[in-house]
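Structure first, then comments.
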């Protein structure tokens, strides 16, 4: 649950990847035009935590690349109808500034006019899939607008990242995520569109056991780790990674919208007791497969 009194940390940050991790792809990085980014920061400052990293999208991406992150998957979302084309054009331009280093995800508002055409145009511009956020966009996961988007992604062999987990919710959202976000709703999507690769961020928090079961039932479901492997939330909220099929779990940071050091989660992963193959898969290899990246990774993998 998001509240205005959540802590902000000035914990030490590294200037490179932590020992034990030779390569990393960050599968969950937020980017926006400057004015939208400022609105997002204002909302978090007022209703959640103070965002630690506050800069332009270009500088934030360069920050990660300078510290050893090999590739960034950039996410955005249209919070209302009518702005997706502009955001997708912005994202395509950002990718052109970082050729081979950034995969940009498109956005669309489910149910808006010309949603299918908006997505096709975004894919034609080179964007690598679509990102949706139920908490912000307040749509029915099993409604006709979502079916249209799933169909377009399936037809174009593009993955979907959708924040469909119930947490972290906030009373400041205009809808109740606990009503709209349930694992059984995602289950229906996975069954209806078995050829659509779907990633639910934050390991499906707070329905962790339900998402672990869904992963075993549907091989088109993937999860990312953003924010739930650190000790920021209560220790009881940190899922056991071994409960999931680890070949479909991806590292993601939620950078820059985090209240602690950029490498906090990577440090935890490096010390989590994973095998070399498991750690490499989570840190970068699984993202290569999910996003269909042209990326070889380190020698010997």
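The values are calculated or read from the model by the stated rules, or taken from the named source; none is laboratory data. The structure presented is a predicted model; accordingly, all values stated were derived computationally and were not measured. Cβ placement follows ideal geometry from the backbone for every residue including glycine, while neighbour counts extend to all protein chains displayed.
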Close pairs from the range 50-69: first at positive phi and at pLDDT 95 or above, partner surrounded by fewer than 18 Cβ atoms within 10 Å (Cβ to Cβ) and assigned to a loop (DSSP other than H, G, I, E, B), Cβ under 8 Å, at least 6 apart = 68/16
Per-region count, the range 74-86, residues surrounded by 22 or more Cβ atoms within 10 Å (Cβ to Cβ) and more than 18 Å from residue 253 (Cβ to Cβ) | 2
Within the range 134-152, how many residues turn out to be within 30 Å of residue 62 (Cα to Cα) and either buried (at least 22 other Cβ atoms within 10 Å of the Cβ) or touching a residue at least 60 places away in the same chain (Cβ under 8 Å) (or both)?
-> 3
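Rundown of residues vs (1) within 14 Å of residue 265 (Cα to Cα); (2) in a loop (DSSP other than H, G, I, E, B), yes/no style:
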position: 16; (1), (2): yes, yes
position: 28; (1), (2): yes, no
position: 52; (1), (2): no, yes
position: 58; (1), (2): no, no
position: 63; (1), (2): no, no
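For (1) surrounded by 18 or more Cβ atoms within 10 Å (Cβ to Cβ); (2) touching a strand residue (DSSP E or B) at 6+ places or on another chain (Cβ under 9 Å); (3) touching a residue at least 40 places away in the same chain (Cβ under 8 Å), each residue gets a yes or a no:
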{"residue": "179", "(1), (2), (3)": "no, no, no"}
{"residue": "188", "(1), (2), (3)": "no, no, yes"}
{"residue": "221", "(1), (2), (3)": "yes, yes, no"}
{"residue": "234", "(1), (2), (3)": "no, no, no"}
